[in-house]
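Just below is one structure, and these are the notes that go with it.
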Amino acid sequence: MREKKQTRDEDLEFVASCQAGEVDAFEVLVRRHQKRMLNIAYRTIGNYDEACEIVQDAFISAYKNIKGFQGKAKFSTWLYTIVINLSRNRLKQLKTRRYREAYSTDNPIMTPDGEIKGDPPSGEPSALDRLEARDIQQTVQGCINTLDTEFREVLVLRDIQGFSYDEISAMLKVPEGTVKSRLFRAREGVKDCLKKARGDL
């Protein structure tokens, strides 16, 4: 008989302290999760500055609402759900703004070669390799940006962040089967886009 694995939530001690009014405990939670939250927001939005704002807003929202956190899901799941929802809302705003400011030079939001601040690997061999890797990364991000939000979210959470299907299901509040079918369509969409963009895949 298959056991349902229940991993211990290592954040609970700090969440409880934070609920009791200890601000320092929230600082620990921020340090633990900010990098992954920024990655989720950036990959979903495609714009570094917007992603930073989303993460800041997410932490403010989490801090204001932490007393209502009941531990039904892991704290990280609750926190990443806030990031996803804020990213989703910001994406809608950006799309609306893009339609209003059709080809404004001040609006590089969805272009892959805009202000991309990637995180290059630490032992990079040469400048040329780095440039090529950056070019591929920008192309991939550009293809992710072409996906509809619902497909983009599952691709980011599964293929980039490595969350399990049941974690994604909990975050997006959709059945696991829906997560899998969206992921399949998202991967196909990115694959088709990359074929058109690079021609060698």
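Can you tell me which residue in region 131-155 is modelled with the lowest pLDDT, limited to those that are surrounded by fewer than 21 Cβ atoms within 10 Å (Cβ to Cβ) and among the β-branched types (Val, Ile, Thr)?
Filtering region 131-155 for residues that are surrounded by fewer than 21 Cβ atoms within 10 Å (Cβ to Cβ) and among the β-branched types (Val, Ile, Thr), the one modelled with the lowest pLDDT comes out as Ile136.
Does region 85-93 contain any residue that is outside any helix (DSSP H, G or I), basic (Lys, Arg) and modelled with pLDDT under 90?
Start the filter on region 85-93 by keeping residues that are outside any helix (DSSP H, G or I), which leaves none.
No, the conditions are met nowhere in region 85-93.
Would you confirm, using the coordinates I've provided, whether Ile60 is in contact (Cβ under 8 Å) with a residue 12 or more places away in the chain, under 25 Å from Leu172 (Cβ atoms) and either assigned by TED's automatic domain parsing to the domain that holds Glu167 or β-branched (Val, Ile, Thr) (or both)? Let's see the steps before the verdict.
Working: in contact (Cβ under 8 Å) with a residue 12 or more places away in the chain: no; under 25 Å from Leu172 (Cβ atoms): yes; either assigned by TED's automatic domain parsing to the domain that holds Glu167 or β-branched (Val, Ile, Thr) (or both): yes.
For Ile60, the condition - in contact (Cβ under 8 Å) with a residue 12 or more places away in the chain, under 25 Å from Leu172 (Cβ atoms) and either assigned by TED's automatic domain parsing to the domain that holds Glu167 or β-branched (Val, Ile, Thr) (or both) - is not met.
To keep it simple, each residue is scored yes or no on (1) at pLDDT below 90; (2) over 18 Å from Tyr48 (Cβ atoms); (3) assigned to a helix (DSSP H, G or I); (4) not assigned by TED's automatic domain parsing to the domain that holds Asn47.
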position: Arg97; (1), (2), (3), (4): yes, no, yes, no
position: Ala102; (1), (2), (3), (4): yes, yes, no, no
position: Ile116; (1), (2), (3), (4): yes, no, no, yes
position: Leu157; (1), (2), (3), (4): no, yes, yes, yes
position: Val174; (1), (2), (3), (4): no, yes, no, yes
position: Thr178; (1), (2), (3), (4): no, yes, yes, yes
position: Asp200; (1), (2), (3), (4): yes, yes, no, yes
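Within region 10-44, can you find the residues that are surrounded by 15 or more Cβ atoms within 10 Å (Cβ to Cβ), without any contact (Cβ under 8 Å) to a residue 60 or more places away in the chain and under 15 Å from the mean Cα position of the chain (by Cα)?
Result: His33, Gln34, Met37, Leu38, Ala41, Tyr42.
The values are calculated or read from the model by the stated rules, or taken from the named source; none is laboratory data. Quantities reported herein were computed from a predicted structural model and do not represent experimental measurements. FYI the Cβ positions are ideal-geometry reconstructions off the backbone, even for glycines, and counts take in every protein chain you see.
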